[in-house]
Amino acid sequence: MDTQHPDLHPLYAEHLAALQARADKALLREGFDHLVIAAGQPAMQFLDDRPYPFAVNPHFKHWLPVTKAPGSWIVHTPGRRPKLVYLQPHDYWHVVPDAPAGYWVEHFEIVVIREPKDARAHLPNDVARCAVIGEATAALDGFAPNNPQGVLDYLHWQRSYKTAYELAMMRVASKIGARAHRAAERAFRAGASEFDIHVAYMASARQGDNELPYNNIIALNEHAAVLHYMELAHAPPARAHSFLIDAGASFHGYASDITRSYAAADAGEFQVLIDSVDTAQRGFVAKVRAGQSYPGLHVDAHLVLGGILKEHGFVRMSAEAALDGGVTSTFFPHGLGHPIGLQVHDVAGFQASDRGGILPRPPGHPYLRMTRALEPGMVVTIEPGLYFIDMLLAELRNKPAAKDVDWARVDAFRKYGGIRIEDDVVCTEGEPENLTRDAFAALG
């Protein structure tokens, strides 16, 4: 199989069959006859004639790899071939979506329309018998999304289990992202600014800002202490000490999400700390096994990182005391990771069952994005970090544990900002599959 363009025909056929079976069960259980999915409509900016970048309904791109066809619809009726109502307008102001083509078209009845309103004639007549998924702006002549919660709960739960087709998409997205990360590192080593590193990343990925799955985080020096830093300074700093990049890529609607941290050539003490976090991260990845509690893995990460803080002289307390005293949360203030797939932060991370419900976060960990146990087919990120965040450090100074912190050493590392290392990992029946490390390894 070509690693960049695998043979998707058989994989897609199996994927579509799985989606149809899931939809059939959701419809039967909730008392509907049809599943109707709106691609969505572009949203206009306030008091302007410019649209925001279009983001397709993730339920739509789950069924087929079409991400730029606003105004289109999918209709699934159990026992019938799915229908694609495809908007291809007569328009000389904008680029018109290409005619449907590729490995998926043979599986759909395709109807091409020229005006958005023309879709109504090709949608089911009895709206009350339809589960319609989409934004309110997709409504057509009384046919409006109702987003039945029971249907969404079932479909979102099942989306946690990736098909072979989906994993193939994510492997390619990981390869694109890894290649672009290498280009970004080269730009950093050459002394580029954050903006120019970002440009180098996009050039290598061959994806622009609106094609990437999320806004790149390109952070030099202390900017790495801002977890979602997206400012992109145009001038390089007087002296570069460190570089954190959190950036992914898209392929056929699926995302990769990769973070790496780098030390400047003369920042040996920071490189040693990066190496310790990297070793810890690999250990967490190894625990992505069926039955593993994700919150349990998150808490374990705090203990391991607490040990690293002590080993490197930042604190003089045990890992357990650092966790209990809120010290590890000062240096590691976010969750260990999240589900990923059609969306970077994919759905159902907190869901108790296919009928909904919420599995709460463990006390003291408000930013964890997944509370389920891992099962085969799930894909999650594993992204521990250690940061030197002024606001959180100021709060720590007022806690009893402050007496066991080496503040001089902490202050010496503030110029580096922080470290985060993130891989996308598949839970299997046995050893985890690390999509990210495999992608980097393939580059040599």
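The values are calculated or read from the model by the stated rules, or taken from the named source; none is laboratory data. Source: prediction; values computed, not measured. When we count neighbours, we look across all protein chains shown, and the Cβ atoms used for this are built from the backbone with ideal geometry, even at glycine. Keep in mind that these areas ignore ligands, DNA and RNA; they rest on the heavy atoms of the full protein, side chains included. Shrake-Rupley method; radii C 1.70, N 1.55, O 1.52, S 1.80 Å.
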Would you please calculate the Kirkwood hydrodynamic radius of region 174-328 over all C-alpha pairs and express it in Å, rounded to one decimal?
-> 17.0 Å
Among the lysines, which have Cα under 26 Å from the Cα of residue 162 when same-chain residues fewer than 8 positions away are ignored?
-> 25, 61, 68, 83, 175, 287
Given a cut-off of 27 Å, what percent of all Cα-Cα pairs of region 1-147 lie beyond it?
-> 23 percent
Among the lysines, which fall within straight-line cross-link reach of residue 415, defined as a Cα-Cα distance under 29 Å, with same-chain neighbours fewer than 8 residues apart omitted?
-> 310, 399, 403
Ignoring ligands and nucleic acids, what accessible area does residue 137 show with a 1.4 Å probe (Å², nearest 10)?
-> 100 Å²
If you look at just the Cα atoms of the chain, how large are its Rg and its Dmax in Å?
-> 23.6, 72
Expected field for residue 415, accessible surface area in Å² at 1.4 Å probe radius, rounded to 10, holds 90 Å²
With a sphere of radius 13 Å drawn around the Cβ of residue 422, what net charge do the other residues whose Cβ falls strictly inside it have (Lys, Arg +1; Asp, Glu -1)?
-> -1
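From Cα pairs below 8 angstrom and at least 6 apart in sequence, can you work out the relative contact order of region 325-444, rounded to a whole percent? Don't jump to the answer; show the numbers that get you there.
Details: 164 pairs, mean separation 33.3, N = 120.
Contact order relative to length: 28 percent.
Could you work out the relative contact order of region 219-365? I mean the mean sequence separation of Cα pairs under 8 Å and 6+ apart, divided by the number of residues, in percent. Spell out each step's value before the answer.
On the way: 137 pairs, mean separation 23.9, N = 147.
Reported as a whole number, the value is 16 percent.
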Compute the separation of the alpha-carbon centres of region 164-233 and region 310-374 and state it in Å as a whole number.
-> 25 Å
Candidate aspartates and glutamates - alpha carbon under 14 Å from residue 117, same-chain residues fewer than 8 apart omitted | 141
Region 1-122, relative contact order [Cα under 8 Å, separation at least 6], % | 22 percent
Surface accessible to a 1.4 Å probe, residue 234 within the full protein complex, Å² = 130 Å²
